[in-house]
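Here the structure comes first, spelled out in structure tokens, and everything after it is commentary.
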């Protein structure tokens with residue numbers, strides 16, 4: 001595959017962050033390992049921008065096709081009014097504490113386990129939570145890549 005073909009095919013595995021795929025392509029070798037290395041070597045601001053590129057869960061906003069499918073699969077696009085209020089409150093508390101949205105690989109969870117993780121992770125410190133969010137982003141990317 002040419003560089004432009006590769007980028008066109010894989011640029012969306014990281015939510016609104018094609019720079020990871022571009023840099024990983026230039027490294028060669030195992031693609032996901034290269035992506036991990038790119039993220040590890042990225043600046044603090046780049047890593048935060050990667051996390052911030054993810055949508056809040058269950059928010060009534062336009063999502064990428066991949067995020068829409070993932071959230072629908074976990075039941076997050078069809079919440080009761082009470083569930084929506086709980087997600088909205090958790091989203092607000094989380095963003096207030098950490099400065100970025102809660103990120104979890106929803107394909108690995110149910111609505112109930114997502115809420116449990118949400119509540120538990122609010123107790124983390126910022127460094128732990130940033131590391132956890134980046135690990136979840138890599139899980140999401142691996143599943144999106146496998147789907148392609």
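The values are calculated or read from the model by the stated rules, or taken from the named source; none is laboratory data. All values reported here derive from a predicted model rather than from experimental measurement. Please note: Cβ atoms are built from the backbone with ideal geometry, for glycine as well, and neighbour counts cover all protein chains shown.
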Would you say residue 96 is in a helix (DSSP H, G or I), over 17 Å from residue 54 (Cα atoms), out of contact with any strand residue (DSSP E or B) (no Cβ under 9 Å at 6 or more places or on another chain) and free of Cβ contacts under 8 Å to residues at least 60 places away in the same chain? no
When segment 1-15 is checked residue by residue, the ones that are part of a loop (DSSP other than H, G, I, E, B) and modelled with pLDDT of 95 or more are 13, 14
What residue, of 132, 112, is in a helix (DSSP H, G or I), at negative phi, out of contact with any strand residue (DSSP E or B) (no Cβ under 9 Å at 6 or more places or on another chain) and surrounded by 16 or more Cβ atoms within 10 Å (Cβ to Cβ)? 132
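Mind checking whether some residue in segment 51-61 is in a helix (DSSP H, G or I) and within 20 Å of residue 133 (Cβ to Cβ)? Steps first, please.
Let us first name the residues in segment 51-61 that are in a helix (DSSP H, G or I), namely 51-52.
With the extra rule that they be within 20 Å of residue 133 (Cβ to Cβ), the set shrinks to 51-52.
Looking for residues that are in a helix (DSSP H, G or I) and within 20 Å of residue 133 (Cβ to Cβ), one finds at least one in segment 51-61, hence yes.
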Starting from residues that are modelled with pLDDT of 75 or more and assigned to a helix (DSSP H, G or I), keep the ones in segment 70-83 and report whichever is surrounded by the most Cβ atoms within 10 Å (Cβ to Cβ). 83
Of all residues in segment 16-40, which are more than 20 Å from residue 130 (Cβ to Cβ) and not in a helix (DSSP H, G or I)? 28, 29, 30
